[in-house]
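What follows is a short report on a single structure.
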Amino acid sequence: MSRSQTLTQPVAELALTGDLARPARLTVPDLLGWPQHRVTVAFECRTSGTQHHRFTGPRLYDVLSAAGPGFDPARRKDRLRFLIAVSGTDGHHALLSWAEIDPDFADAPVLLATAIDDTPLDRAGAQLVLPQDRCGARYISGIRAIRVDGRYSCP
């Protein structure tokens with residue numbers, strides 16, 4: 001690919017949607033506006049063995065909190081019924097609960113990676129990184145959408 005083709009290639013964008021006061025469309029350069037965290041991970045991949053990588057990016061919790069999740073303050077622990085669905089450009093999907101990322105509960109350091117092994121992900125798009133997962137199946141590359149859904153309830 002020539003330098004001119006690289007310069008005209010669009011920057012990947014992800015859509016934050018769902019039960020949010022401030023839905024948004026974000027790029028990797030936008031995500032650099034949040035505090036950046038760095039994690040070194042090792043995860044098992046069924047097809048290629050153990051993978052070792054360094055990821056940098058904001059915490060998913062920080063980005064989603066800034067979007068204003070629609071928690072109902074009148075409902076005790078309302079945030080625990082919220083689910084987070086993440087989908088990538090390659091068709092992969094992952095589902096998390098709000099409790100996994102909330103500092104009052106599991107406080108998992110889930111990242112929206114802006115770089116992998118010091119290589120920026122501007123054109124490829126952010127990557128979901130769950131350092132606590134032994135298997136890399138919930139790592140989603142090229143995130144295209146994150147949906148926050150608070151309509152879940154048990155009968």
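Of PRO73, PRO103, PRO120, which is the most mobile in a GNM of the chain whose springs link Cα atoms less than 10 angstrom apart?
PRO73
Distance between Cα centroids, the range 97-112 to the range 21-53: provide it in whole Å.
The range 97-112 and the range 21-53 have Cα centres spaced 14 Å from each other.
Which whole-number value in Å² is the accessible area per residue of the chain, probe 1.4 Å?
Here the per-residue accessible area is 55 Å².
Full extension from THR89 to ARG134: what is 0.36 nm times the residue separation minus their Cα-Cα distance, to one decimal in nm? Intermediate values should be presented prior to the final figure.
Numbers: separation 45, 0.36 × 45 = 16.20 nm, distance 2.30 nm.
Extending this stretch completely gives an extra 13.9 nm.
Local charge sum around TYR139 (other residues, Cβ-Cβ under 14 Å, Lys/Arg +1, Asp/Glu -1)?
Combined, the nearby Lys, Arg, Asp and Glu give 0.
Please report the carbon-and-sulfur percent of the accessible area for the chain; probe 1.4 Å, protein heavy atoms only, DNA, RNA and ligands left out.
The nonpolar share, carbon plus sulfur, comes to 54 percent.
Loop only per DSSP, at most 10 neighbouring Cβ atoms within 10 Å: give me the trypsin sites (Lys or Arg not before Pro) in the range 1-97, ordered by residue number.
The qualifying sites are ARG46, ARG76, LYS77.
Mind ranking HIS37, HIS92, HIS53 by accessible surface for me, highest first, 1.4 Å probe?
On the way: HIS37 70, HIS92 105, HIS53 40 Å².
Descending order: HIS92, HIS37, HIS53.
Which residues make up the longest stretch of the chain that has no chymotrypsin sites (Phe, Trp or Tyr not before Pro) in a DSSP loop with at most 14 other Cβ atoms within 10 Å?
1-104
So what is the 222 nm mean residue ellipticity for the chain from helices alone, if each DSSP H run of at least 4 adds -39500 (n - 2.57) and you divide by all residues, rounding to the nearest 500 deg cm²/dmol? Provide the component values of the computation, followed by the final result.
Details: 4 runs with 21 residues, N = 155.
Helices in the chain give a 222 nm mean residue ellipticity of -2500 deg cm²/dmol.
Which residue, chosen from ALA99, SER153, THR40, occupies the Cα position most advanced towards the positive end of the dipole of the chain, where the dipole is computed from +1 (Lys, Arg) and -1 (Asp, Glu) charges on Cβ about the Cα centre?
The one lying farthest along the dipole's positive direction is SER153.
Place a +1 charge on the Cβ of each Lys and Arg in the chain and a -1 charge on the Cβ of each Asp and Glu, then give the dipole magnitude about the Cα centre in debye, rounded to the nearest 20.
On the way: 18 positive and 17 negative charges, 42 e Å.
Its charge dipole is roughly 200 debye.
The values are calculated or read from the model by the stated rules, or taken from the named source; none is laboratory data. This one's a predicted model, so the numbers in the text were calculated from it and none came from an experiment. No Cβ is skipped: glycine too gets one built from the backbone with ideal geometry, and neighbour counts run over all protein chains shown. The accessibility values were calculated without ligands, DNA or RNA, using every heavy atom of the protein model including side chains. Shrake-Rupley method; radii C 1.70, N 1.55, O 1.52, S 1.80 Å.
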